[in-house]
1. Out of Lys367, Lys359, which single residue is in contact with a Gly (Cβ under 9 Å, 6 or more places away or on another chain) and either in contact (Cβ under 8 Å) with a residue 60 or more places away in the chain or charged (D, E, K, R) (or both)?
2. Give me the helices (runs of 4 or more DSSP H) completely within the stretch 204-311, filtered to those with at least 2 residues that are without any contact (Cβ under 8 Å) to a residue 60 or more places away in the chain and of a type outside the set (Lys, Arg), ordered by residue number.
3. Take Arg101 and tell me if it is surrounded by 17 or more Cβ atoms within 10 Å (Cβ to Cβ), of a type in the set (D, E, K, R) and in the same structural domain as Leu236 (by TED's automatic domain parsing).
4. Need the failing condition index for Glu32 against (1) within 30 Å of Leu90 (Cα to Cα); (2) outside the structural domain of Asp174 (by TED's automatic domain parsing), just the number.
5. Would you check if Arg71 is out of contact with any strand residue (DSSP E or B) (no Cβ under 8 Å at 6 or more places or on another chain) and within 23 Å of Asp269 (Cα to Cα)?
6. Which count do you get for residues in the stretch 30-48 that are more than 17 Å from Asn85 (Cβ to Cβ) and within 25 Å of the chain's Cα centre (by Cα)?
7. Which of the residues spanning the stretch 1-59 are within 16 Å of the ligand (Cβ to nearest atom), surrounded by fewer than 17 Cβ atoms within 10 Å (Cβ to Cβ) and of a type in the set (S, T, N, Q)?
8. Restricting to the stretch 66-111, give me the number of residues that are touching a Ser or Thr at 6+ places or on another chain (Cβ under 8 Å) and part of a strand (DSSP E or B).
Amino acid sequence: MNYCKRCLYPANHPLQITFDEQGVCSGCRVHEEKDILDWCERENKLRGILNSFRSTSGKIFDCVIPVSGARDSYYIVHMVKNAFNMNPLLVSYNKHYNTKRGIRNLAYLRTLFDCDIIMKTVSPSVVKKVTRATVRAMGSIYWHCIAGSTALPVQVATKFKIPLVIWGVHQGCDQVGMFSHLDEVEMTRKYRKEHDLMGFEAKDLLESCSELTERDIEPYRYPHDKDIEAVGVRGLYLSNYIRWDSKSQHEHMMKLYKYESADQQRTFDFYNDVDCFHYSGLHDYIKYLKYGYGKVTDHACREIRLKRLSREQGIGLVRKFVDKKPIDTPLFLEWIDTEENELFGFIDRFRDEQIWQRKENGSWELKDSILNHISDTGVEAVRLPVNETCEFFISPLRDETVSEDNYVLVARGYVGV
Ligand SMILES: [Zn+2]
């Protein structure tokens with residue numbers, strides 16, 4: 001397997017990656033723009049765009065912002081509402097795998113930013129049915145979360161005739177350099193289907209799983225083009241206009257609003273995915289079983305590029321976490337009423353054979369790993385300096401008496417601050 005000489009990404013990255021003559025990946029090259037572009041000018045450009053969406057009558061919302069109890073939500077609302085003085089309508093898809101910490105972060109977000117919010121909780125039986133179908137069809141326990149949280153904001157925007165949806169970071173740009181920041185790429189149905197949803201739109205799922213009905217997949221349908229065009233809905237990514245640095249943004253939010261971070265099972269980034277029992281657990285372990293690497297590699301690549309980790313430190317973190325078994329598997333199996341063998345049997349069908357091979361006794365073996373590429377020729381020539389330490393902090397709990405236990409759907413709408 002070919003690995004980037006600067007970061008840790010392999011050639012089989014599912015978002016597709018290319019390497020230049022120095023062996024540096026497209027993600028690292030586009031990331032160099034973060035230290036070259038004039039971000040004041042970019043932010044002014046964003047201000048101009050946002051001004052053109054400001055409601056003159058004040059009767060409707062200026063934009064829709066998708067939020068959750070983690071993952072840049074505070075930062076995006078902070079920037080849009082407090083820095084740019086827009087009037088956003090918040091939208092949240094309930095992913096059903098909520099931790100109490102995530103529920104609390106979302107409750108404080110609702111209260112502190114004092115915005116209207118629309119929350120959608122799809123019926124538990126439908127979510128389970130859809131998840132059983134996506135495990136079989138694509139080896140994913142998380143499709144409904146991604147499909148629901150990317151469809152709902154656009155559904156709300158078309159329904160309430162609000163022509164702007166504001167997203168945070170564009171993963172294709174940030175991880176693999178699919179686009180330059182200057183392309184100012186916006187959310188499209190095509191990108192969502194091919195990359196976010198692993199090639200499966202809701203209607204494709206309907207075709208491959210006879211037990212699902214039209215009604216079951218309705219929450220996951222992206223609105224029709226003619227409805228989107230009638231309102232003129234656009235989906236902007238803030239990361240094209242603001243120099244994106246998830247770690248420092250989260251730390252800023254921890255200081256300003258006491259955003260709660262949390263220890264994570266399979267990575268050193270304690271900030272991004274604290275709202276979900278499975279994202280950094282079973283879901284990420286499945287990613288490893290498919291592609292031979294997990295979120296820890298994504299996080300290490302990001303921090304290498306932001307000059308907070310050396311390539312060797314990043315590899316050390318990958319070694320520590322990449323094959324660690326998740327502890328949340330029994331919780332998921334109980335929720336969906338499936339046996340462990342059955343679940344992992346489905347996942348095995350989606351192992352990428354560029355990186356995994358099956359041995360005669362039926363077990364799987366990695367053909368290669370970044371651990372074998374520590375001192376590849378050419379690494380020194382493209383090395384970035386390390387300018388900062390890379391420490392992630394666990395913030396104090398807002399409520400010391402709570403403990404994480406089984407699933408909780410949604411808490412009350414407000415908190416005392
Ligand atoms: Zn790279």
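1. Lys367
2. 225-231, 282-291, 295-305
3. Spelling it out, Arg101 is indeed surrounded by 17 or more Cβ atoms within 10 Å (Cβ to Cβ), of a type in the set (D, E, K, R) and in the same structural domain as Leu236 (by TED's automatic domain parsing).
4. The single condition Glu32 does not satisfy is (1).
5. When the stated conditions are applied, Arg71 passes them.
6. Count: 9.
7. Asn2, Gln16, Thr18, Gln22, listed by residue number.
8. So the count comes out to 3.
The values are calculated or read from the model by the stated rules, or taken from the named source; none is laboratory data. None of the values given here were measured: they were computed from a predicted structure. Every residue, glycine as well, gets a Cβ built from its backbone with ideal geometry; the counts of neighbours run over all protein chains shown.
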